[in-house]
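The values are calculated or read from the model by the stated rules, or taken from the named source; none is laboratory data. A quick note: this is a predicted structure, and the numbers were derived from the prediction, not measured. Virtual Cβ from ideal backbone geometry, glycine too; neighbours counted across all protein chains shown.
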Amino acid sequence: MIALLTNDDGIEAKGLKALEKEISKIAQVWVVAPDREQSATSHSLTLTRPLRVNKVKDRAYSIDGTPTDAVMVAFHKLIKRRPDILISGINSGPNLGDDVTYSGTVAAAIEGTILGIPSIAVSVTDTSFDKYEYPAMFVRKLTKYVLKNGLPKDTFLNVNIPPSRRSLTKYKITRLGRRVYKDVVVEKIDPRGKKYFWIAGQAIVSEGGKDSDFLAIEKGYVSITPLHLDWTNYKTIEEMRGWKIF
């Protein structure tokens, strides 16, 4: 079995190293990851300059690009046989609700799914958490299950893990909730009196409700959300066919 590991926190991230150690127990691991943090790069590709790849050790490479770049280069040029599974993470911080649209961690799993590889995106919901060996053990068990049973077509898993070892014995299958941020763009003045901006933001509303990823995390469960490549709003198609634009 071949497992391709990547992330958006960079090749030196603790979560990636812990994942490599655990997944190596059940598969031949290849690590191809950005050479620096690439958080919130979503599904972006580098198209306007060449990509540089550096061999870190046997079957481990860093790339000066995005997580999606890493997956594409690994799949098309570095690994000679199709990976049996792709795991992206373990991300430092949550990817819940609307976060998935921004996440480089999730985008790597999307790209893996497009390429026909069963894929899992994994995050720990507390950025201060550093005992990644425990969530990595959970991911190993989940990976064994997926390798044995597969995933539905065009479907990947978005996994969020609470920062508690006790949580690793229980999980919920969930749907995406919603998250709204405040102060998304912060304006500052530099020493020369010029404006500059930081894109940041603090979550002010997290819509949970029954079966949501937010509620599962709040209750201390690991959240496993099946996500699909097809974003079509099928409920709206018939209504829109009645539109009279012309």
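One table, with the values for the structure above:
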quantity	calculated
Cross-chain or 6+ apart pairs with Cβ under 8 Å, region 168-182 first and closer than 14 Å to Asp211 by Cα, then basic (Lys, Arg) and surrounded by 13 or more Cβ atoms within 10 Å (Cβ to Cβ)	Lys172/Lys219
Filter pass, Ala108 being of a type outside the set (Phe, Trp, Tyr), under 19 Å from Thr225 (Cβ atoms) and crowded, with 18+ Cβ neighbours inside 10 Å	yes
Subset tally (residues that are among the hydroxyl-bearing types (Ser, Thr, Tyr), farther than 19 Å from Leu227 by Cα and assigned to a helix (DSSP H, G or I)) for region 122-172	3
One residue from Tyr196, Tyr181 being modelled with pLDDT of 90 or more, at negative phi and assigned to a strand (DSSP E or B)	Tyr196
Any hit, region 73-93, residues being farther than 21 Å from Ala200 by Cα, free of Cβ contacts under 8 Å to residues at least 60 places away in the same chain and hydrophobic (A, V, I, L, M, F, W, C)	yes
Selection within region 99-121 - over 18 Å from Asp213 (Cβ atoms), part of a helix (DSSP H, G or I) and in contact with a Gly (Cβ under 8 Å, 6 or more places away or on another chain)	none
Residue in region 113-120 that is modelled with pLDDT under 95, in contact with a strand residue (DSSP E or B) (Cβ under 7 Å, 6 or more places away or on another chain) and crowded, with 24+ Cβ neighbours inside 10 Å present	no
Conditions (1) charged (D, E, K, R); (2) part of a strand (DSSP E or B); (3) under 21 Å from the mean Cα position of the chain (by Cα); number of the one not met by Asp230	(2)
Evaluation of Glu207 against (1) closer than 30 Å to Lys21 by Cα; (2) surrounded by 14 or more Cβ atoms within 10 Å (Cβ to Cβ); (3) over 20 Å from the mean Cα position of the chain (by Cα) (one fails), failing number	(1)
Pairs, first over 20 Å from Asn91 (Cα atoms) in region 137-165, second outside any strand (DSSP E or B) and among the charged types (D, E, K, R), C-beta under 9 Å, six or more apart	Leu147/Asp84; Asp154/Asp230
Within region 210-233, considering residues that are within 23 Å of Ile90 (Cβ to Cβ) and of a type in the set (Ser, Thr, Tyr), the one surrounded by the most Cβ atoms within 10 Å (Cβ to Cβ)	Ser223
Strands (runs of 3 or more DSSP E) wholly inside region 1-60 that include at least 1 residues being under 16 Å from the mean Cα position of the chain (by Cα)	2-6, 28-34
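Residues are listed down the side, and each one gets a yes or a no for (1) in contact (Cβ under 8 Å) with a residue 24 or more places away in the chain; (2) surrounded by 23 or more Cβ atoms within 10 Å (Cβ to Cβ); (3) among the hydrophobic types (A, V, I, L, M, F, W, C):
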position: Leu4; (1), (2), (3): yes, yes, yes
position: Asp9; (1), (2), (3): yes, yes, no
position: Lys21; (1), (2), (3): yes, no, no
position: Ala27; (1), (2), (3): yes, no, yes
position: Pro50; (1), (2), (3): no, no, no
position: Ile63; (1), (2), (3): yes, yes, yes
position: Ala70; (1), (2), (3): yes, yes, yes
